[in-house]
Amino acid sequence: MPQFSIHHVTRYSYEVPVRDSANQIILFPIKDEYQAVLKQQLTITGDPAVDIYKDYYGNEVGSFTYAETHQELVIESRVEVVTKSRELPQDDMPKEEQWEQLQGLRYQAPFIDFLKQEPFAAVDEMKQLTHLEQVLDVSPFAAAQKLNEYVYEQFRYIKGVTNVETTCDEIWKLKAGVCQDFAHILLVMLRFISIPARYVSGYICPNHNGMRGEGATHAWVEAYIPNYGWLGLDPTNNCIVNDLHVRLAVGRNFSDCSPVKGTYKGTSNHTLEVGVSVSYEDGNVQDEAPAVLTAQPVSNNGQEGSDNSWRRYMEMIQQQQQQQ
């Protein structure tokens, strides 16, 4: 069973001192039969008390308030996690029975939330390009893998072209983004064919094999497969999730699983820096590199800046196509 040591740092730097910082953190790995937390150390500027509770989806959530005046807020998590490999679906039930079972989940809790579609204007275009009707000719397991592969092949992995406020329609037009964007598009597709799908946040621990998503929190999707349960699909890397992914939280979308979010009194201009490092444990041997912080400037309106050359290029191409 793989054992990982994960170091996650979030740093907010403000132009001028601020106060009354109230925050919510989801930095506590899920504990179940496939994942165990050996220990965790949480360090926060000012050492505020953290109230930990479980949300509607069963995630451990922490909340705290740092009332003193400060110009920097650092939230640091060090955690040791053991993961266990899981078997893939046998997929031996007739596909017609499986699709019928999925139809029966439409009005059952907790599947209702994971079948509800987010606003998406490009529905007809998506159905045409992805041939959604054709995937119904195979089993839900095979259909989910086909859609996972489609997102991987058709969308370019480019950092900085989107932010947490980017809509599914914007991602669809850009055909580019990062892991959270890939996950949101796959969620839309799976839900359109009546497969319950939920967003997952966590970490990817690829042991230097070149997988996308290192150095930050990662995101993927879990699809509900009849006679099996929740199956993890990583469209960013076109793989089925197993023991190299560490799960933090599940929800309807990114908003439900955001590792850190909050509010404060003071200037809206600040810089957010996030860094994640993962090391492998092998007996008493540990080789941990420090988390490298990547800066994300936040503009006056409180959103991360999204103006960049790739986005401008894509918008220009789309305007030219409309004029033809």
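Some notes on this structure:
- Looking only at the range 40-60, and only at residues there that are of a type in the set (Ser, Thr, Tyr) and touching a residue at least 24 places away in the same chain (Cβ under 8 Å), the one that is nearest to ILE30 (Cα to Cα): TYR57
- Whenever a residue of the range 226-237 is in contact (Cβ under 8 Å) with a residue 60 or more places away in the chain and over 22 Å from ARG212 (Cα atoms), its partners that are part of a loop (DSSP other than H, G, I, E, B) and not basic (Lys, Arg), lying with C-beta atoms within less than 6 angstrom and at least six residues away or across chains, give the pairs ASN227/MET93; TYR228/PRO89.
Each row is one residue, and each column tells you yes or no for (1) in contact with a strand residue (DSSP E or B) (Cβ under 9 Å, 6 or more places away or on another chain); (2) among the basic types (Lys, Arg); (3) not assigned by TED's automatic domain parsing to the domain that holds LEU233.
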site: ARG78; (1), (2), (3): yes, yes, yes
site: ARG106; (1), (2), (3): no, yes, no
site: ALA109; (1), (2), (3): no, no, no
site: LYS116; (1), (2), (3): no, yes, no
site: TYR157; (1), (2), (3): yes, no, no
site: ASP169; (1), (2), (3): no, no, no
site: TRP172; (1), (2), (3): no, no, no
site: GLY177; (1), (2), (3): yes, no, no
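- Candidate set from the range 61-89 (those that are in contact (Cβ under 8 Å) with a residue 40 or more places away in the chain and outside any strand (DSSP E or B)); member that is farthest from HIS7 (Cα to Cα): PRO89
- Flag for TYR203 being in contact with a helix residue (DSSP H, G or I) (Cβ under 7 Å, 6 or more places away or on another chain) and among the aromatic types (Phe, Trp, Tyr): no
- Against the conditions (1) surrounded by fewer than 17 Cβ atoms within 10 Å (Cβ to Cβ); (2) within 25 Å of VAL61 (Cβ to Cβ), ARG198 satisfies every one except (1).
- Cβ pairs under 7 Å, 6+ apart, first in the range 103-128 and in contact (Cβ under 8 Å) with a residue 12 or more places away in the chain and surrounded by 13 or more Cβ atoms within 10 Å (Cβ to Cβ), second among the basic types (Lys, Arg) and in a loop (DSSP other than H, G, I, E, B): ASP113/ARG252; PHE114/ARG252; LEU115/ARG106
Results for (1) surrounded by fewer than 22 Cβ atoms within 10 Å (Cβ to Cβ); (2) closer than 25 Å to HIS131 by Cβ, shown as yes or no for each residue.
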position: THR167; (1), (2): yes, yes
position: ILE185; (1), (2): no, yes
position: MET189; (1), (2): no, yes
position: ILE225; (1), (2): no, yes
position: GLY232; (1), (2): yes, yes
position: LEU244; (1), (2): yes, no
position: ARG252; (1), (2): yes, no
position: GLY262; (1), (2): yes, no
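Conditions tested, residue by residue: (1) assigned by TED's automatic domain parsing to the domain that holds GLY202; (2) farther than 13 Å from LEU248 by Cβ.
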residue	(1), (2)
LYS31	no, no
GLN41	no, yes
ASP47	no, yes
SER63	no, yes
VAL74	no, yes
GLN90	no, yes
GLN101	yes, yes
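- Verdict on MET211 being among the aliphatic types (A, V, I, L, M), in contact with a strand residue (DSSP E or B) (Cβ under 7 Å, 6 or more places away or on another chain) and either within 30 Å of PRO29 (Cβ to Cβ) or buried (at least 19 other Cβ atoms within 10 Å of the Cβ) (or both): yes
The values are calculated or read from the model by the stated rules, or taken from the named source; none is laboratory data. As the structure is a prediction and not an experimental result, all values here were calculated from the model. For neighbour counting, all protein chains shown are included, and Cβ atoms are generated from backbone atoms with ideal geometry for every residue, glycine included.
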